[in-house]
1. Kindly provide the Kirkwood hydrodynamic radius of the range 3-252 in Å, to one decimal, from all pairs of distinct alpha carbon atoms.
2. Under 17 Å from a label point 7 Å along Cα→Cβ of His164: give me every residue in the range 97-127 with its amide N that close.
3. Using only Cα atoms, figure out Rg for the range 2-144 and give it as a multiple of 2.2 N^0.38 Å.
4. Give the separation of the Cα centroids, the range 150-189 to the range 252-280, in Å.
5. What is the gain in length, in nm to one decimal, between Ser117 and Lys28 on full extension, counting 0.36 nm per residue of separation less the C-alpha to C-alpha distance?
6. Please turn the phi angles of the range 219-225 into ³J(HN,Hα) values with the Karplus equation 6.51 cos²θ - 1.76 cosθ + 1.60 (θ = phi - 60°), one per residue in order, whole Hz, x for glycine and proline.
7. Only sites in a loop by DSSP and with at most 15 other Cβ atoms within 10 Å count here; which trypsin sites (Lys or Arg not before Pro) in the range 1-59 make the cut?
8. FRET efficiency for Lys135 and Tyr184, Cβ-Cβ distance as r, R0 = 41 Å, nearest 0.05?
Amino acid sequence: MTDKEILQLQITACELRELILRALFNAKSGHPGGSLSIVEALTYLYKYEIRIDDPTSPDRDRLVLSKGHAVPALYSVLAMKGLIPVSLLDTLRRIDSPLQGHPKLGSVPGIEMSTGSLGQGISVACGMALGAKIKGQKLRVYAVLGDGELQEGQVWEAIHFASHYSLNNLCLMVDWNNLQIDGYVDDVMNLRKMDDRFRANGFRTIVIDGHDFIELQAAFSMFHQTKDRPTAVIMKTIKGKGVSYMENAVEWHGKAPNEEEYKQAILELDQQIRELRRMNVEGTDVGGQRPGGMALGMVDLSDPKWDDAVLDSFARNSLAQQALKEHAASMKDIDFDVNEAAADIAGQAADNLTKGGSER
Ligand SMILES: Cc1ncc(C[n+]2csc(CCOP(=O)(O)OP(=O)(O)O)c2C)c(N)n1
Ligand SMILES: [Mg+2]
């Protein structure tokens, strides 16, 4: 990776943080801390690692967000990747939105499992990885877990399973931010020598700074080279990363910022973006446009036509069709506090579907 690419990824990460916070602010609820801590990991995964350009292909890679409460980060990455409309993020947690506060299988492309009950996603990921091996599929499976989540007994059963079946197509990614819902993990239920536990259970175990793109790249390269066992990437992270007053602060596990706090967060992130652009010493012209989506290689968020294009492919996606149809129908009916843009988008999609647009 060149310095320029790293800077671009860092800018994308800031923009994703802004999308996450905007969605939470609109929803007036959600989980900022654990969403912000996995932003770099998801940015790297969806830029370079996960093969999901066709989200309906049976051979696509799978990502299971076992720590399902962090799904605003995943929705935002899927939007930047061009798999869902960015404007749909404004419907987060509304009763009729496909973007619920925890992932729901098949609600939108890229959501591979319903999760939220901590400890369960990893078991499903193990099943997916073993199933792929039995069928001779070359796909890879990634599961993102919280460190607090590792206190669930079911996680360790799944770890034994992955090791027993030598699931070399499985990559566990642990978000080691040392905070859980009500305090430090070390205080609530210490996971002493967490990395050694993975090693002892037969995993290729790699400890990295989860906010460092070079280290993420190295970790995935090691995962690819490991042929005889599953891989665990233990990512040291900062909960609430990127927003000064949220960083390492337990109270930001599960609440949305109010207006003043939201504005402050966006100010800080905008400042980080400006600084990153300034650091782009090679003179790349990233200053005049919103480069984030382009950094993920898929979309240009500054193009107003973009949402329509995504929406069109979204409407054609069989996985999402039913959810979108229901979503559109229900949004037309409701008469309270509905985001206009999202309602329009859903309406257009419904029209497309009725006109047979989905079969084009
Ligand atoms: C089985 C289960 N018990 C309790 C909860 C409530 N809960 C939601 S998030 C959370 C803390 C998770 O901590 P961690 O895994 O470290 O996540 P992160 O720090 O990344 O947010 C808890 C206890 C849950 N979702 N599932
Ligand atoms: Mg944690």
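Read-outs throughout are calculated quantities, based only on the coordinates presented, and are distinct from any laboratory measurement. A quick note: this is a predicted structure, and the numbers were derived from the prediction, not measured. A quick note on method: Cβ atoms are made from the backbone with ideal geometry, for glycine too, and the neighbour counts reach across all protein chains shown.
1. Values: mean 1/r = 0.0558 Å⁻¹.
Across the range 3-252, the inverse of the average 1/r is 17.9 Å.
2. Under cut-off, by backbone N: 122-127.
3. Working: Rg = 14.8 Å, N = 143, 2.2 N^0.38 = 14.5 Å.
Ratio of Cα Rg to 2.2 N^0.38 Å: 1.02.
4. One Cα centre to the other: 30 Å.
5. Details: separation 89, 0.36 × 89 = 32.04 nm, distance 2.16 nm.
Once the chain is fully extended between Ser117 and Lys28, it gains 29.9 nm.
6. Values, residue by residue: 4, 5, 5, 5, 4, 5, 7 Hz.
7. Details: sites: Lys4, Arg17, Arg22, Lys28, Lys47, Arg51; in loops: Lys28, Arg51.
Hits after loop and neighbour filter: Lys28, Arg51.
8. Numbers: r = 42 Å, r/R0 = 1.03.
After rounding to 0.05, the efficiency reads 0.45.
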